[in-house]
Amino acid sequence: MSKNVVILFGTESGNAEFAAEDMAEAITDRECEVVDMTDFDVDSFEPNNLYLVISSTHGEGELPSGAKPFLEALESEQPNLSGITYAMFGLGDSSYEHYSRGSELVDEKLASLGAERVGEYGRHDADTGTLPNALAVDWAKKVTAEN
């Protein structure tokens, strides 16, 4: 049985949210829900879900404002995430020193709490002048097909 998909997004300007919504529309073979990280209770991770996590990077390699409460909750509550699977997609701009670091901070925290990352680590580079949506959709389709 295929896992349900929960797409968690952390954004500053809305790009990660728009990409998450497009990803959800493209995943037609299973239940899919899009959740802003600021609205997600870190004690509600379920092993029967596959979490697609998409986060932008803000400033000099920092978390976007939409991901900060999520990471702070993970750090303070330290939930046991053994048995949780997730895939990571980062938005960034390679003209900055800390390209895509916001997503890496989330990835590191999830892994440190026992969650298992699956699939290829997806990344979009804003320096290309393109929007992340098409790349994120292709990535999401591939990850969900494999997991």
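Checking the conditions here, which among Leu110, Leu71 is open to solvent by less than 10 Å² (accessible area, probe 1.4 Å), of a type in the set (A, V, I, L, M) and within 20 Å of Val34 (Cβ to Cβ)?
It is Leu110.
Suppose we keep only residues that are at pLDDT 95 or above and out of contact with any helix residue (DSSP H, G or I) (no Cβ under 7 Å at 6 or more places or on another chain) within region 76-100. Which one would you say is most open to solvent (accessible area, probe 1.4 Å)?
Across region 76-100, the extreme among qualifying residues is Asn80.
State the number of residues belonging to region 9-31 that are in a loop (DSSP other than H, G, I, E, B), touching a residue at least 12 places away in the same chain (Cβ under 8 Å) and closer than 19 Å to Val106 by Cβ.
Count: 3.
Of the residues Val5, Val35, which is of a type outside the set (Asp, Glu) and either in contact with a helix residue (DSSP H, G or I) (Cβ under 6 Å, 6 or more places away or on another chain) or touching a residue at least 60 places away in the same chain (Cβ under 8 Å) (or both)?
Going through Val5, Val35 in turn, the sole match is Val5.
When you scan region 131-138, do you find a residue that is at pLDDT 95 or above, open to solvent by 20 Å² or more (accessible area, probe 1.4 Å), under 19 Å from Val6 (Cβ atoms) and outside any strand (DSSP E or B), even just one?
yes
Among the listed residues Ser44, Ser56, identify the single one that is touching an Asp or Glu at 6+ places or on another chain (Cβ under 7 Å) and under 21 Å from Ala24 (Cα atoms). Before you say what the answer is, go through the steps one by one.
Values: Ser44 fails: touching an Asp or Glu at 6+ places or on another chain (Cβ under 7 Å).
Of the residues listed, the single one that is touching an Asp or Glu at 6+ places or on another chain (Cβ under 7 Å) and under 21 Å from Ala24 (Cα atoms) is Ser56.
Tally up the residues in region 38-50 that are in contact with a strand residue (DSSP E or B) (Cβ under 7 Å, 6 or more places away or on another chain) and free of Cβ contacts under 8 Å to residues at least 60 places away in the same chain, please.
Total meeting the criteria: 3.
Output yes when any residue across region 24-39 is more than 23 Å from Ala126 (Cα to Cα), in contact with a Pro (Cβ under 9 Å, 6 or more places away or on another chain), among the polar types (S, T, N, Q) and open to solvent by 30 Å² or more (accessible area, probe 1.4 Å), and no when none is.
yes
What's the total number of residues in region 41-50 that are aliphatic (A, V, I, L, M) and in a helix (DSSP H, G or I)?
Number satisfying all stated conditions: 1.
Mind checking which residues of region 116-130 are outside any strand (DSSP E or B), within 13 Å of the chain's Cα centre (by Cα) and not β-branched (Val, Ile, Thr)?
Residues satisfying the conditions are Gly119, Glu120, Tyr121.
Just one of the numbered conditions (1) in contact with a Pro (Cβ under 6 Å, 6 or more places away or on another chain); (2) in contact (Cβ under 8 Å) with a residue 60 or more places away in the chain is not true of Val137; which one?
Val137 satisfies every listed condition except (1).
Return the pair list, or none, for Cβ contacts closer than 8 Å from residues in region 51-74 that are assigned to a helix (DSSP H, G or I) to residues that are open to solvent by 10 Å² or more (accessible area, probe 1.4 Å) and of a type in the set (Lys, Arg), at least 6 apart or on different chains.
These pairs meet every condition: Leu71/Lys109; Leu74/Lys109.
The values are calculated or read from the model by the stated rules, or taken from the named source; none is laboratory data. All values derive from a computational prediction rather than experimental measurement. Glycine gets a Cβ as well: all are built from the backbone with ideal geometry, and neighbour counts include every protein chain shown. Just the protein is used for accessible areas: all its heavy atoms, side chains included, with ligands, DNA and RNA removed. Shrake-Rupley method; radii C 1.70, N 1.55, O 1.52, S 1.80 Å.
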